[in-house]
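The values are calculated or read from the model by the stated rules, or taken from the named source; none is laboratory data. Computed from a predicted structure; not experimentally measured. Here the Cβ positions follow ideal geometry from the backbone for every residue, glycine too, while neighbour counts run over all protein chains shown. The accessibility values were calculated without ligands, DNA or RNA, using every heavy atom of the protein model including side chains. Shrake-Rupley method; radii C 1.70, N 1.55, O 1.52, S 1.80 Å.
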Amino acid sequence: MQISEKQLALVNDRIKALIKADSFYGERLKEAGIESVASAEDFNKLPFSEKNDLREAYPLGLMSVPEEEIVRIHSSSGTTGLPVIIPYTKKDVDDWATMFARCYEMAGLTNKDRVQITPGYGLWTAGIGFQAGVERLGAMCVPMGPGNTEKQLKMMEDMQTTVLCATSSYALLLAEEIAKRGIRDKLKLKKGVIGSERWGKKMRERISKELKIELYDIYGLTEIYGPGIGISCKYDNGMHYWDDYIYIEIIDPETLQPLPDGEWGEIVITTLVKEGAPLIRYRTHDLSRIIPGECPCGSKFPRLDIIAGRTDDMMKIKGVNVFPKQIEEILQEFPELSSEYQIRISHLEGKDTMRIYVETNGTVDFLDMARRVAERVKSRIGFTPLVKVVEIGLLPRSEKKTKRVIDERYQ
Ligand code: ZN
């Protein structure tokens, strides 16, 4: 999607602010001799920014306004090395709430809804973002934070919660607990707003079937406000994103060239109005595509497809490039398997090996099941994995993010 005149004007404002603030990106622009952009071609020449740049700015090097204008910071979880600190101005916090409220409206929520929030609070952007959006919309917030399933279910029942906000793995855990206790009839749940994790079709179907709710996928990342920059609509064909706040382009992660709408590649985001820490051409390493054409819901906001993986999730096994998503799609073709799986990659006796753990119930022959899955992976992707079949419920479920790929080669 080519950048519009209006978006270019906003980018120019941000460029000015970044140069003035002498931030890492301002320096980079000065080195490249860029003071403004006049066209889409100019924009495509702007340097990219990366998580590593943000880490190097730790703690407050991203701040692009005088300190007295900063009202809050958030931090990304940072699984490797230094965390990233993102400073927010009052306007940034306000804009984020506006975008989040827009997400809830897209999902059909009104001020009569009661919204139970289970993502974490604190440095993490999730909980407080979900809450600010609820308050902006005028609905009733039930701010639980993560964990304590017993209490979650009690509040859900007593407060007559209508909307659940959760990660997909926690939504699944709650769905299983609700089924186990047979308390679904006592609940008033109608919708789920599910975020911050890639999730397969099967897991989605299971959550929506067990909980009997409509599901909406929310997108976002701490570096760019947090969750709430886009959400799926009731037609469930991609996530609308707010192109008056962010500009999204899809690039080829190898050549770094922008790709036309419809093609899969890496999501690169430019913030158009962010003050505390504006980002230009920020490489998210998330893989998706812009869906061409209009959505049947009539919204003019453009759409991103599902997040199909991470550019750095790409695994090289026996010389073959593999995405976890490819394995997941194969597993979904077997109705006997649950939505849970785990992939472990190790290096044994000079060879890379992939083990895939899957779950099924006691009615199928485990050995035969393993053989069929291995054969299908071999025929589709080109190598034979070791497949281990276990009983349903044995693979880990977590209250935060479920780690599905474990690379033991570099531990
Ligand atoms: Zn739509």
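Observations on the model:
- Among the residues of region 310-327, none qualifies, meaning not one is within 16 Å of the ligand (Cβ to nearest atom) and either hydroxyl-bearing (S, T, Y) or open to solvent by 10 Å² or more (accessible area, probe 1.4 Å) (or both).
- Within region 284-299, the residues that satisfy the criterion of being over 15 Å from M1 (Cβ atoms), surrounded by fewer than 23 Cβ atoms within 10 Å (Cβ to Cβ) and within 19 Å of the chain's Cα centre (by Cα) are T284, H285, D286.
- Of all the listed residues (D243, D261, D236), the sole one being on the phi > 0 side of the Ramachandran plot and open to solvent by 10 Å² or more (accessible area, probe 1.4 Å) is D236.
- Unique residue being open to solvent by less than 20 Å² (accessible area, probe 1.4 Å), assigned by TED's automatic domain parsing to the domain that holds S232 and touching a Leu at 6+ places or on another chain (Cβ under 6 Å) when the list is R281, R303: R281
- Residue list for region 235-249, restricted to those being within 15 Å of the ligand (Cβ to nearest atom) and either within 24 Å of V71 (Cα to Cα) or at pLDDT 95 or above (or both): Y235, M239, H240, Y241, W242, D243
- Checking each residue of region 213-230 against the condition of being of a type in the set (G, A, S) and either over 30 Å from I330 (Cβ atoms) or assigned by TED's automatic domain parsing to the domain that holds P324 (or both) gives at least one match.
- Pair list, Cβ under 6 Å, 6 or more apart: region 281-298 residue within 14 Å of the ligand (Cβ to nearest atom), other residue small (G, A, S): I291/G238; P292/G262
- L304 being touching a residue at least 24 places away in the same chain (Cβ under 8 Å) and touching a Ser or Thr at 6+ places or on another chain (Cβ under 7 Å): yes
- Inside region 162-201, residues that are touching a residue at least 60 places away in the same chain (Cβ under 8 Å), open to solvent by less than 40 Å² (accessible area, probe 1.4 Å) and of a type in the set (K, R) make up a count of 1.
- Screening V268 against (1) under 30 Å from D22 (Cβ atoms); (2) within 16 Å of the ligand (Cβ to nearest atom); (3) open to solvent by less than 10 Å² (accessible area, probe 1.4 Å) leaves a single unmet condition, (2).
- Within region 288-326, considering residues that are in contact with a Lys or Arg (Cβ under 9 Å, 6 or more places away or on another chain) and of a type in the set (V, I, T), the one nearest to P253 (Cα to Cα): T311
- Contacts under 8 angstrom Cβ, first residue in region 360-380 being under 19 Å from I327 (Cβ atoms), partner open to solvent by 80 Å² or more (accessible area, probe 1.4 Å) and not in a helix (DSSP H, G or I), 6 or more apart: T360/E391; T360/I392; A370/K388; A374/L386
- Take the conditions (1) modelled with pLDDT of 95 or more; (2) open to solvent by 10 Å² or more (accessible area, probe 1.4 Å); S49 misses just one of them, which is (2).
- Identity of the residue in region 108-161, hydroxyl-bearing (S, T, Y) and farther than 18 Å from E214 by Cα, that ends up most open to solvent (accessible area, probe 1.4 Å): Y121
- Strands (runs of 3 or more DSSP E) wholly inside region 164-268 that include at least 1 residues being of a type in the set (S, T, Y): 214-221, 226-232, 239-241, 246-251
- Verdict on S169 being of a type in the set (S, T, N, Q) and touching a strand residue (DSSP E or B) at 6+ places or on another chain (Cβ under 6 Å): no
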